[in-house]
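Reviewing the structure listed below.
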C-alpha cells in the first residue's frame with residue numbers, strides 16, 4: 001500500500017493512484033481468477049477502476065517458490081475477465 005500511496009515502482013507512471021482493494025491469489029493452487037470475479041461483485045457501485053496490478057508476491061512464488069501458475073495465462077485471463085490494463089509487479093522492493 002505504501003508503494004501505491006507514494007507512487008513507487010510500477011505505480012509511478014500513473015498521475016493518480018487510488019487503491020480500491022487488494023485480492024490475494026488465494027494460496028496454492030492459486031485461485032486468483034475466482035477471487036477477482038468475487039472482488040468485482042464487492043466493488044459494484046464504486047467508481048470504475050482502470051488497472052489491475054499483479055503483485056510481486058505472485059511473481060516471486062512462480063520464479064522462486066515453484067508455484068505452478070502460468071503468469072502469462074493469468075495476465076491474459078485477468079485482461080479478458082476485466083477488460084482492464086494489467087500490470088505485473090507493484091513495489092520496487
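Out of all the residues in region 56-66, is one or more surrounded by 16 or more Cβ atoms within 10 Å (Cβ to Cβ), in contact with a helix residue (DSSP H, G or I) (Cβ under 6 Å, 6 or more places away or on another chain) and without any contact (Cβ under 8 Å) to a residue 60 or more places away in the chain? Yes, there is a match, as at least one residue in region 56-66 is surrounded by 16 or more Cβ atoms within 10 Å (Cβ to Cβ), in contact with a helix residue (DSSP H, G or I) (Cβ under 6 Å, 6 or more places away or on another chain) and without any contact (Cβ under 8 Å) to a residue 60 or more places away in the chain.
Within region 47-70, is there a residue that is over 12 Å from the mean Cα position of the chain (by Cα), assigned to a helix (DSSP H, G or I), at positive phi and at pLDDT 85 or above? The answer is no; no qualifying residue exists. Residues in region 71-92: is at least one loosely packed, with under 12 Cβ neighbours inside 10 Å, in a loop (DSSP other than H, G, I, E, B) and touching a helix residue (DSSP H, G or I) at 6+ places or on another chain (Cβ under 9 Å)? Yes, some residue in region 71-92 is loosely packed, with under 12 Cβ neighbours inside 10 Å, in a loop (DSSP other than H, G, I, E, B) and touching a helix residue (DSSP H, G or I) at 6+ places or on another chain (Cβ under 9 Å). Residues considered: 51, 23. Of these, the only one that is in contact with a strand residue (DSSP E or B) (Cβ under 7 Å, 6 or more places away or on another chain) and either surrounded by fewer than 16 Cβ atoms within 10 Å (Cβ to Cβ) or free of Cβ contacts under 8 Å to residues at least 24 places away in the same chain (or both) is 51. Considering region 2-20, the residues that are surrounded by 14 or more Cβ atoms within 10 Å (Cβ to Cβ), in contact with a helix residue (DSSP H, G or I) (Cβ under 9 Å, 6 or more places away or on another chain) and in a loop (DSSP other than H, G, I, E, B) include one that is modelled with the highest pLDDT, namely 8.
The values are calculated or read from the model by the stated rules, or taken from the named source; none is laboratory data. Model, not experiment: these values are computed from the prediction. FYI the Cβ positions are ideal-geometry reconstructions off the backbone, even for glycines, and counts take in every protein chain you see.
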